[in-house]
Every structure is written in structure tokens, then in C-alpha cells.
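Please read the structure below before turning to the comments.
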Amino acid sequence: MLDPKLLRSDIHKVAAELARRGAKFDVENYTALETRRKALQVRTEDLQKERNASSKSIGQAVHRGEDVEPLKAAVAALGEELKASQVELTQVQEALEAIHMGLPNILHESVPQGQSEDDNVEIRRWGEPQQRDFEPRDHVDLGAALGLLDFEVAAKIAGSRFAVMKGQVARMHRALIQFMLDTHVEEHGYTELYVPYMVNRESLTGTGQLPKFEEDLFALSGEQEYFLIPTAEVPVTNLSRGDIIEADNLPLRMVCHTPCFRSEAGSYGKDTRGMIRQHQFEKVELVHLSRPDESYAELETLTGHAESILQRLGLAYRVIVLCTGDTGFGASKTYDIEVWMPSQNKYREISSCSNCGDFQARRMQTRWRNPETGKPELLHTLNGSGVAAGRALIAVMENYQQADGSIVIPEVLRRYMGGADRIPAT
RNA sequence: GGAGAGGUGGCUGAGUGGUCGAAAGCGCUCCCCUGCUAAGGGAGUAAGGGUGUUAUAGCCCUUCGAGGGUUCGAAUCCCUCCCUCUCCGCCA
């Protein structure tokens, strides 16, 4: 959510900023609503003031033992007027609120201009895509040949966009998660968390998935309204919803492994083969809460922590900064980390690291106490995958495959796999 | 699932229709006194929003789990929901 005061004071600047990312904003409609809001709110509050004063004097008259019936009659008419004014005000405020909740974040000035993912800008590369003297197979073929990755049986028990892993592949998937958590906790100083995988509507509104992107979520049926989390960002960031955090405790750096559930509505026909795009996948998520003046430095740090996982795994990757047209709804700046996928002969997203500025914090009313002012002020929230486990698994499978179909286990994972150095071909 | 109790400010906790944004205590900040790792005295100390200002100030509205209702007036009465605690049952 953007600062309503900014919308009032400099609406044309906001419209120009939103236009950078291709978002439309009806300035005239907004201005008209805002003008009505102001008149109605001032009027309503004046009436409330009058009502309060009258009621108070009635109370005092009662204490003096006077007849208050005439006074009551006089206030009754005021009450009707107040009620009508309140109803109208609520309507206008709800209309404004709907607009506020639908507006994306303003982008950082450093975000490159562009329309789509084709305009994203590469920042750096690490590692070299391996040269092989054989044609690399993709993870689907590799997994099928090993008998350890099965999409057909997953379709039987659940449907499309699910996977079943077995044996050493299932174990490597688990090993990756363990390795990532341990690295972030032991090497990078994160606090490990375990959180609910179902959350309420308030949480999803806080981080910006709702109200605009409800079709991307799985909702549970039942008496209570629950949604399956699309990312640990939702529960973890919302832990501090409504809190005022002391400056000494910032930055907060939290790591959390969860499954993620996404309906993938609107991605029909995209990445239908294999494990790239699933309804259910595992991810290790990094969440930072930071002082506003440190959040862009925190974004670099967070991205570096995610990169370090790929470096330790020996996987070649590149970091790109998303352009204005490709940056997500709540982010002011996003780096994607893309890992080399031999079968596709290109880099594919394995992590997305974003600074959301005060966008989520305003929705959640998450603040810190600024020692300079002594006042609560909105803090900044960041999140990034560190990294997606399913995609890390297939990256390892494809990058570490041998000509005979076996898969060498990266050094750092061996301690999590009983010391094995290879998944043998069958 | 059954029975009961309860949700008040950073914390503890009073408040059952009016002068209550809310006693008291703790904590915290500042000042005084006193000196030395004790104590005493005084003052201050919620958040959100509106208006307004270069920015302050000021003024106003709202908020006692959430949402509705009754009333001139609700922390206080009524309804619905959420949550916490205790006991029983069940269970990983």
C-alpha cells in the first residue's frame, strides 16, 4: 500500500511512477473521490464532536437531577444526520481503500525501464556452464531412468503439476533443504522458524497477495477461512504484523522452510514438463525486517546469502535485476537468481529477492521506534528464496549428471546423504 | 468434542451506562536531592486517522479481542465470531 498522504499531496508524481511499471491509475476519479472524502470526513467528525458535547451535557444534567427529555429530543435529530453522513463516508472510504489495495508499489529509481522479462538486466554471473562430451538429459528423463522421479503416479494420486520422488532423489531433496537451513543459520546468522502452512485472510492482505491475487491461491473449504501459503514470506513477515520493534533488534533476519502451494492459474501450457512449475514445492525462505535507511543494503546482503547456496553447490548462475514491467506487485526492487539448466541450455529462476520498502509494512502496520524521533515509523520488509528446493534438486540432477545416467552428489550434500558420493545408474 | 473462566495501555491490574483514553503498581525518560553501585522526591510516558503547517504547534475524530446492535451517551448492556486459560474426553 502506498502512502495515502503522498497520493493526496503529489498524485501526478505517483501516477507517473506507477506508469513506469505499466500500471494505470485514474487520477481524475481518485481526485474526485478524495475531494468527497475530505468534505464528508470533516462533516462527520464535526457532527460527532457536537454529539459528544451534547451527550456530555445530558450526563451532567442528569447528575443535577434535571429533566433531560427535551435535551434528548434535540440530539435525536443530530443522530440521524450523523448516521447518514457516516454511511456516505464509509462508502467513499471503502472505494478509496479498494483503490489503495490494488495499487502496486513504487519502484526504486535504480530499476531499469522495460516492458517484460526480456528487458531484465543481467548484473553478474558466477561459474561456467559445464561443457560435456554427451548430450545432457533433462531431469524428467534422468529421474525416470533412475526410477526415482515419477510424474505419472503423481498425476494418478493428485493431478497434473505434482511430483513423486523416491529413494536417493527424495533424500537429496531433503538434504538440500537441510543444507540450506544449516548454512543460513550457522554461517549467515539467521533465526530458524517453523510456521503454519495455512493462514488467514489478514495475513495474505498484509503481504499483498490479497485482495488482488486470490485466484493464485488454494483456499480450504470449511467453517473457518484458511488459505494454503504460496510462500513462507506470508506467515513469516506477518509474525510482526501490528508490532513496534525496538531499533536495537533490527535488522531481523529469519529463515524458514515450508512447502508452497500455488494454483498456477493463468500459466496453462507454461513449463508443463517436469518439476519447474508445481502446485506444491518446497522452499527455504529468507525474510528481513530492516530500518528504512538500510533496506537496500539488506537486499544486497540477502541476495548474497541466496547466491552463496548455489556457490557451495557449485551451480553456475547469474543475477538479474527485474525491469519496471516485470517487478512484482509489492516489490520496489527485485533481483532474480537464475541457475544454469543444461537441458534447456539457459538460466532459469531459482530465487527471487525483493525489497518491499514500506509497502507491506503499511498494510501490516509493522513499525520500528526511530531513536531520533522516538516515534513509531514504518519499517522495511524484504524476502527472498534461499533457495527453491525443487528447482535446486533438478539443477543438481542436470548439472551433475554423468554419461551413464548416474548423478554425482555435490560435496556439501554428502554429509546429509549418509556419505554417498553418487546416485548410481540402474 | 463437552463444561467453565476470561480477553483493558510496554507489562501487571482496577473499572458493570455519563466528568474514563481509562485508577494503582511496575517499567521507561527527564529533573531535583543524595552520594556511590542503595534509596528518596517531582514531572512525563498508547496508537491510528483528519485538519492544518515549509516544518512545528494547535484543534478534532476513532480505538478497551473483531464485527454488528440498543442508547442522547457503551470498556461497561445485547447478538455473532475469533482467541486464550482450566477441567474432562480424544489424539500424533
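Contour minus end-to-end for A:N370 and A:S221, with contour as 0.36 nm per residue of separation and end-to-end as the Cα-Cα distance?
Details: separation 149, 0.36 × 149 = 53.64 nm, distance 4.26 nm.
Full extension of this stretch gives 49.4 nm more.
Please find, in a Gaussian network model of chain A (springs between Cα atoms separated by less than 10 Å), the residue of A:I177, A:I157, A:I245 whose mean-square fluctuation is greatest.
A:I157
Taking the Cβ of A:R277 as the center, what net charge do the other residues with Cβ under 9 Å away carry, scoring Lys and Arg +1 and Asp and Glu -1? Mind showing how you got there, number by number?
Values: positive: A:R161, A:R262, A:K270; negative: A:E264, A:D271.
Net local charge, A:R277 excluded: +1.
Please report the carbon-and-sulfur percent of the accessible area for the range A:1-122; probe 1.4 Å, protein heavy atoms only, DNA, RNA and ligands left out.
Values: 3980 of 7730 Å².
Summing carbon and sulfur atoms, their accessible area is 52 percent of the total for the range A:1-122.
At 0.36 nm per residue, and after removing the present C-alpha to C-alpha distance, how many nm does the segment from A:N345 to A:R124 gain when stretched out fully? Present the calculation step by step, with values, prior to reporting the outcome.
Numbers: separation 221, 0.36 × 221 = 79.56 nm, distance 1.80 nm.
Between A:N345 and A:R124, full extension yields 77.8 nm more.
For the range A:196-254, which whole-number percentage of the solvent-accessible area (1.4 Å probe, protein heavy atoms only) is attributable to carbon and sulfur atoms? Provide the component values of the computation, followed by the final result.
Values: 1470 of 2980 Å².
Carbon and sulfur atoms account for 49 percent of the accessible area of the range A:196-254.
For n ≥ 4 DSSP H runs only, could you compute -39500 (n - 2.57) per run for chain A, divide by its residues and tell me the 222 nm figure to the nearest 500?
Working: 12 runs with 168 residues, N = 426.
My calculation for chain A gives -12500 deg cm²/dmol from helical runs alone.
Per residue of the range A:17-24, what does 6.51 cos²θ - 1.76 cosθ + 1.60 with θ = phi - 60° give for ³J(HN,Hα)? Whole Hz please, x for Gly and Pro, Karplus curve as stated.
5, 5, 5, 4, 9, x, 8, 8
With the other protein chains left in place, how much accessible area per residue, in square angstrom, belongs to the range A:201-338 at a 1.4 angstrom probe? Display every interim value, and only then the final one.
Numbers: 5170 Å² over 138 residues.
Heavy-atom SASA per residue in the range A:201-338 reads 37 Å².
Go through the range A:215-270 and name the trypsin sites (Lys or Arg not before Pro) that are in a DSSP coil and have 12 or fewer other Cβ atoms within 10 Å of their Cβ.
Working: sites: A:R241, A:R253, A:R262, A:K270; in loops: A:R241, A:R262, A:K270.
Sites meeting the loop and neighbour criteria: A:K270.
What share of all Cα pairs of the range A:125-194, in percent, falls into each consecutive 5 Å distance bin?
Bins of 5 Å from zero give 3, 13, 14, 14, 16, 16, 14, 8, 1 percent of pairs.
In units of 2.2 N^0.38 Å, what is the alpha-carbon radius of gyration of the range A:88-221?
My calculation over the Cα atoms of the range A:88-221 gives 1.57.
If amide hydrogens are placed 1.01 Å from N in the peptide plane, which non-local residues have theirs closer than 5 Å to the one on A:E282?
Amide H neighbours of A:E282, under 5 Å, 5+ apart: A:C260, A:A389, A:G390.
Among A:A76, A:A219, A:A306, which one shows the biggest mean-square fluctuation in a GNM of chain A, springs joining Cα atoms closer than 10 Å?
A:A76
Taking the Cα atoms of chain A, report the difference between the largest and smallest coordinate on each principal axis, in whole Å and largest first.
Here the spans come out as 99, 44, 44 Å, largest first.
Peptides A:61-69, A:47-55, A:198-206: what's the order by average Cβ count within 10 Å, highest mean first?
Details: A:61-69: 10.4, A:47-55: 13.7, A:198-206: 18.7.
Order by mean packing, descending: A:198-206, A:47-55, A:61-69.
Once phi is turned into θ = phi - 60°, what whole-Hz ³J(HN,Hα) does the Karplus curve with 6.51, -1.76 and 1.60 give for every residue of the range A:141-152, x standing for Gly and Pro?
5, 4, x, 5, 5, 6, x, 10, 9, 9, 8, 6
Separation between the A:A247 and A:A425 pseudo-spin-labels, each 7 Å from Cα along Cα→Cβ, expressed in nm?
Here the modelled spin labels are 6.3 nm apart.
Residue by residue through the range A:52-60, what is 3J(HN,Hα) from phi via Karplus (6.51 cos²θ - 1.76 cosθ + 1.60, θ = phi - 60°)? Round to whole Hz and write x for glycine and proline.
Values, residue by residue: 4, 5, 5, 4, 5, 5, 5, x, 5 Hz.
In percent, how large is the relative contact order of chain A, given Cα pairs closer than 8 Å and 6 or more residues apart?
20
May I ask for the distance between the Cα centers of the range A:260-313 and the range A:149-217, given as a whole number of Å?
First find each Cα centre; the distance between them is then 11 Å.
On the principal axes of its Cα set, how long, how wide and how thick is the range A:248-390? Give whole Å, largest value first.
Extents along the principal axes, in whole Å: 55, 34, 29.
Out of A:A145, A:A389, A:A232, any idea which swings most in a Gaussian network model of chain A, alpha carbons joined below 10 Å?
Highest fluctuation of the listed residues: A:A145.
Once Rh is set to the Kirkwood radius over Cα pairs, what Stokes-Einstein translational diffusion coefficient, in µm²/s, holds for the range A:1-125 at a temperature of 4 °C and a viscosity of 1.567 mPa s? If you can, show how the numbers build up before the last one.
Numbers: Rh = 18.4 Å.
My calculation gives 70 µm²/s for D.
What number comes out for the charge environment of A:A306, summing +1 per Lys or Arg and -1 per Asp or Glu over other residues with Cβ under 14 Å away?
Working: positive: A:R124, A:R253, A:K283, A:R312, A:R318, A:R391; negative: A:E187, A:E233, A:E285, A:E298, A:E300, A:E307, A:D336, A:E338, A:E349.
Net local charge, A:A306 excluded: -3.
The values are calculated or read from the model by the stated rules, or taken from the named source; none is laboratory data. Owing to the predicted nature of the structure, the values given are computational and were not obtained by experimental measurement. Because the Cβ atoms are built from the backbone with ideal geometry, glycine has one as well, and the counts that use them run over all protein chains shown. What goes into the accessible areas is simple: the full protein's heavy atoms, side chains included, and nothing from ligands, DNA or RNA. Shrake-Rupley method; radii C 1.70, N 1.55, O 1.52, S 1.80 Å.
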